[in-house]
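Everything on this sheet refers to the single structure shown next.
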Amino acid sequence: MHIATMNCQGRNNAHFHQCRLPFAQTQIMAAGMTNRPKLPPEIARRRTFAIISHPDAGKTTLTEKFLLYGGAIQMAGQVRAKGEARRTRSDFMQMEKDRGISVSASAMSFDFGDYRFNLVDTPGHSDFSEDTYRTLTAVDAAVMVIDGAKGVESQTQKLFEVCRLRDLPILTFCNKMDRESRDTFDIIDEIQENLAIDVTPASWPIGVGREFIGCYDILRDKLELMDRADRNKVAASISIKGLDDPKLKEHVPPALLSKFLEEIEMAKELLPALDPQALLDGTMTPIWFGSAMNSFGVKELMDGIATYGPEPQVQKATPRNVAPEETAVTGFVFKVQANMDPKHRDRVAFVRLASGHFERGMKLTHVRSKKVMAVSNPVLFLAADRELAEEAWAGDIIGIPNHGQLRIGDTLTEGEAIRVSNIPSFAPELLQTCRAGDPMKAKHLEKALMQFAEEGAAKVFKPTFGSGFIVGVVGALQFEVLASRIELEYGLPVRFESSQFTSARWVLGAKVAVEKFSEANKAHIATDNDGDVVFLTRLQWDIDRVARDYPDVAVIDEGNDGLTLQNRVLPTGKIVADAGRGTLTGNRGILHREGRVLGTARWTHKAWICCVLDWQDRTRAVMTGRNWTELFFLDEAVAFSAGHRPCGYCRRADYARFVQAWSKAYRERQKAPQMDAILHPARVGRDRVQVTHEADFASLPRGAFVHHEGQPHLMTDHRLYPYTTAGYGAPCPRPRCGKTTVLTPAPIIKVMQAGYTPQLHPSTV
């Protein structure tokens, strides 16, 4: 069993028993382990999270039970309701009701005890995953639902990787334990093996399938018994004092009891204890077992979210990140939903508040258009139901009715020009021609398609030649959804037909060059719903021809730069997904694989260089070729800290200065391969972790990076600047003496001491 080999070392019974601290005590521990400032009480009680899983794992049913326990509804609905049974609240679209699946994310806000939950139920089907991906930018944590019989499925794995890119904390719920399920250790082992995350049990199932009677709550030392008679009834909860308590024998049959005691003893030996900070860091997930259909285990999961889930977090933005405790209001649009009320043809923008205290009637600046808009009718959601929001705080999700002014990715502020980053956009994978059943209603069709394009559900292209529209989507089922919604919401029957084109590429370049290219390729040219020029084709040969014959333009897959393009390098050497480019690019060989995602080999080559962003007006689509993987750095000091040196080709003058300083430091002129051979063991160890060293503050040169107060700081002559991907934060005085941990490799420190001064980001001025 892989559990033993992965987790048994250094983890004994004492560690396991740390999990049994009372909730309040554990909460204090978790709060004391972070460097974040204390948030205002109204913000601190917010818990904003999404529910993710493979289709049919039970997300929507679990959402219903959350609403039930939160007092938002009196009776939970069912996904496949018949007769008198009520439908679920989160599946509010007619197609969702008909098919029994979720095709659009829905938001719900409700109170649970002292906490305010902002819950988002996401589509599980891969054809609607772009909605889920965008939703994950607006939450602080995710609840991963796993089917006890099926374990970790393909879509679960994909969504988990997205969470990992964003360092989202994950809480796991293993559902359907009242049906025939897999062995508990096998489930935990599969999660650890496939998702590469530590798993700690928050509860332990007793029995399986028809013999399943409940769970032992490890965190609170309680026996939770399931009531099969009433699916909406809260299960019986029995407090016990350890596993030797005689109450166990009273409620658990002997055969089940002996097996349970054997398993829990193994779990103590093999599995790690709950570490609240590891959960918040995204390296550990606690797992609860239960049955959402029978309302079992749900309340314990909600208690876990309230106690261990993160408070509202800092949002990445340009030119600076936004902290929730800031008094000024900042929010961003992560979803637009058309026709939530078909009678009014409304469009509601879902806005995640990143900071401040919002009050109804506030005037906010729409950063993209620079216009001020009065938000007079904000709403709070309970799926399709809405109520007027008089106020909201950082962490909340509110709706703003509008008529097309707000788009996905837009930022609203109280005047400051801030743009929240990392909102992904998606390139269509399937193209079809869309025509109205009635040719006289072509204008109505255009209006309907443009509204759905605003939702981000589809890309709409208007070809230069020919009639009709070409619609691009990520998954085939979306065509059915669009056709159904257009007919239901607009009374307009439509048909989708196969298109002669199979791919769309956006055309980039100078205006004159783009116009020349468009004129020469009219049969392939269209404009998208934003008015941008698009090259439609069915052959890779056409794309290769453009690169060969038109060097002044680039045709690119619009892609998902804020999500899958993991190419931003931190001072620690870690490579993360971030929308900002920084001031320098560079590479260390081919790190990406098919689909523009990083592989595991990131340290093979020794030639690590940093380059200029613009070189002889050449344009290159990022992470598409097989020559190298484009990486981006905030500035040269960050590149140095990560172990990169100046490029001798595009930065010839800087490279010459670097070589001169290197020769002075090492008293020998060396070529690039010799320098790289010295640098490589000083960058990263055999464990693939950045190599650091200790030094006196007084000895370190301008441009060195140190690990100070829990995060990377840039050193100048008199100040220390905290690093963020958007730029440096407010500085503090540089200590005059004392030791510190240096991130910049020792050979580069010697080079800087010998006279080379790295280029710094303008935020240090």
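Brief remarks on what is shown
- Residue ID - surrounded by the most Cβ atoms within 10 Å (Cβ to Cβ), chosen from residues in the stretch 741-764 that are in a loop (DSSP other than H, G, I, E, B) and not aliphatic (A, V, I, L, M): 744
- Options 723, 655; residue that is over 30 Å from residue 322 (Cα atoms) and in contact with a Pro (Cβ under 9 Å, 6 or more places away or on another chain): 655
- Members of the stretch 563-593 that are within 16 Å of residue 725 (Cβ to Cβ), at pLDDT 85 or above and charged (D, E, K, R): 568, 574
- Among residues of the stretch 726-737 being out of contact with any helix residue (DSSP H, G or I) (no Cβ under 6 Å at 6 or more places or on another chain) and not in a loop (DSSP other than H, G, I, E, B), the one that is nearest to residue 321 (Cα to Cα) is 732.
- Residue 484 passes every criterion in (1) buried (at least 17 other Cβ atoms within 10 Å of the Cβ); (2) under 28 Å from the mean Cα position of the chain (by Cα) apart from (2).
- Residue 400 meets the conditions (1) over 22 Å from residue 318 (Cα atoms); (2) at pLDDT below 90; (3) surrounded by 14 or more Cβ atoms within 10 Å (Cβ to Cβ) in every case but one. The failed one is (2).
- Checked against (1) touching a His at 6+ places or on another chain (Cβ under 6 Å); (2) surrounded by fewer than 19 Cβ atoms within 10 Å (Cβ to Cβ), residue 693 meets all criteria but (1).
Conditions tested, residue by residue: (1) assigned by TED's automatic domain parsing to the domain that holds residue 135; (2) part of a helix (DSSP H, G or I); (3) of a type outside the set (D, E, K, R); (4) at positive phi.
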position: 454; (1), (2), (3), (4): no, yes, no, no
position: 467; (1), (2), (3), (4): no, no, yes, no
position: 481; (1), (2), (3), (4): no, yes, yes, no
position: 484; (1), (2), (3), (4): no, yes, yes, no
position: 487; (1), (2), (3), (4): no, yes, no, no
position: 496; (1), (2), (3), (4): no, no, yes, no
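- Given (1) modelled with pLDDT of 90 or more; (2) surrounded by 18 or more Cβ atoms within 10 Å (Cβ to Cβ); (3) farther than 30 Å from residue 362 by Cα; (4) touching a Phe, Trp or Tyr at 6+ places or on another chain (Cβ under 9 Å), number of the condition residue 285 does not satisfy: (4)
- Once the stretch 594-610 is narrowed to residues that are at pLDDT 75 or above and surrounded by fewer than 20 Cβ atoms within 10 Å (Cβ to Cβ), the residue that is nearest to residue 691 (Cα to Cα) is 606.
- Residues satisfying the stated conditions in the stretch 163-208, i.e. hydrophobic (A, V, I, L, M, F, W, C), surrounded by fewer than 19 Cβ atoms within 10 Å (Cβ to Cβ) and in a helix (DSSP H, G or I): 185
- Within the stretch 146-182, the residues that satisfy the criterion of being touching a residue at least 60 places away in the same chain (Cβ under 8 Å), among the basic types (Lys, Arg) and over 20 Å from residue 211 (Cα atoms) are 164, 166.
- The number of residues in the stretch 243-266 being buried (at least 18 other Cβ atoms within 10 Å of the Cβ) and of a type in the set (Gly, Ala, Ser) comes to 0.
- Listing of helices (runs of 4 or more DSSP H) fully contained in the stretch 19-88 that carry 3 or more residues being modelled with pLDDT of 50 or more and within 26 Å of residue 393 (Cα to Cα): 41-44, 59-69
- Residues that are surrounded by 16 or more Cβ atoms within 10 Å (Cβ to Cβ), at pLDDT below 85 and not in a strand (DSSP E or B) within the stretch 361-387 comprise just one, 383.
- Subset of the stretch 519-542 [in contact (Cβ under 8 Å) with a residue 40 or more places away in the chain and not in a strand (DSSP E or B)]: 522, 523, 529
- Which numbered condition residue 203 fails, given (1) farther than 22 Å from residue 268 by Cβ; (2) of a type in the set (Gly, Ala, Ser); (3) modelled with pLDDT of 85 or more: (1)
The values are calculated or read from the model by the stated rules, or taken from the named source; none is laboratory data. Being a predicted model, the structure only gives us computed values, none of them experimental. Heads up, the Cβs are rebuilt from the backbone with ideal geometry, glycines too, and the neighbour counts pull from every protein chain shown.
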